[in-house]
Amino acid sequence: LRLNGTTDYVNLGNEAGMGVSNFTVETWFYWTGGGTPTTSGTGGLLSAIPGLVGFTFAHSLWLLVVSAFALGFFLVSTSPITMQFGAEITQPTPEGTSNGLFQLFGQCSVVFVYIMEAMKDKSGGFTPSLVLSIVLLVLCVLVSLRLKDPAFVSLPSENTAEADAPVSLHPTGG
């Protein structure tokens, strides 16, 4: 199916004939034209690495401030992209629900910082809390591997002739 980009369109028929009051139209397309390319946010995540390294090994206030700025700037800039991606992969869960859960678990990480402080060993090391982090990470991976995708069921149509009708292309230009 090729559209000219200005006057061609696809007619999906009368929505009342589908037997549903609300529906979503989703498309997949392969763009061959010009325009501005976008990324998935990996550039922002990769750009945050120097800030993370500087933040980790900072021995002076100015390096700590610059590193914290770089880390925050690049990680916060990717937040909308990751939130949208998370909402798309958790479909059919409503976007507000999935984004709310992402925010909640992000806030729970603050509690984990306090747990890390409480679990320090006698020498002041974070080995016990890092072991706990690894155990929790392994458990999360094991649980996620056991999850199954839900089966999507098509709603039956009252008018099967219209439901089986092909999508038509109506070029209006010459």
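Rule-based calculations on the coordinates, nothing more; no lab input. Just so we're clear, the structure is a prediction, and the values are computed from it rather than from any experiment. Methodologically, a virtual Cβ is constructed for each residue, glycine included, from the backbone with ideal geometry; neighbour enumeration extends over all protein chains shown.
Below is a table of values for the structure above.
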read-out: Cβ-Cβ FRET estimate between Lys148 and Leu52, R0 fixed at 25 Å, reported to 0.05; value: 0.10
read-out: Label-to-label distance, nm, for residues given as Leu137 and Ser109 (7 Å Cα→Cβ offset); value: 1.3
read-out: Potential extension, His59-Ser123 segment - 0.36 nm per residue separation minus Cα distance; value: 21.0 nm
read-out: Residue order, fewest to most beta carbons within 10 Å, for Phe69, Phe105, Phe74; value: Phe105, Phe69, Phe74
read-out: Within-15-Å neighbourhood charge of Leu130 [Cβ basis; K, R +1; D, E -1]; value: -1
read-out: Calculated over segment 73-134: convex hull of Cα atoms, volume per residue (Å³); value: 108
